[in-house]
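What follows is a single structure, written as structure tokens, with notes after it.
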Amino acid sequence: MGKLTLTRCERTTLTIGDDITIYVEKARNGKAVLAISAPPHMPILRDDAIKRETTEELKQLRSQRPGPKK
């Protein structure tokens, strides 16, 4: 698996493949606020949430993820 490290300014966008978009809303004092858009079948979970949850709870979280807004 590869790794790409980037420095981004506020209000810039990154695209991963055809379906994932990451928007940098704010970037100040070494912290960034991100907005992530991905297909409904791809769960977006923070690393600390993954470590905290059991496998069964993760399955439930993934099944409850809302679909795209129309």
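H41 meets all of the listed conditions (1) over 16 Å from R65 (Cβ atoms); (2) open to solvent by 100 Å² or more (accessible area, probe 1.4 Å) but one, namely (1). Remark: T13 falls outside the filter, which requires a residue to be at pLDDT below 90 and among the hydroxyl-bearing types (S, T, Y).
The values are calculated or read from the model by the stated rules, or taken from the named source; none is laboratory data. Note that the coordinates shown come from a computational prediction; the quantities given were computed from them, not determined experimentally. Neighbour counts run over all protein chains shown; Cβ positions are idealised from the backbone, glycine included. Heads up: the accessible areas ignore ligands, DNA and RNA and are worked out on the full protein's heavy atoms, side chains in. Shrake-Rupley method; radii C 1.70, N 1.55, O 1.52, S 1.80 Å.
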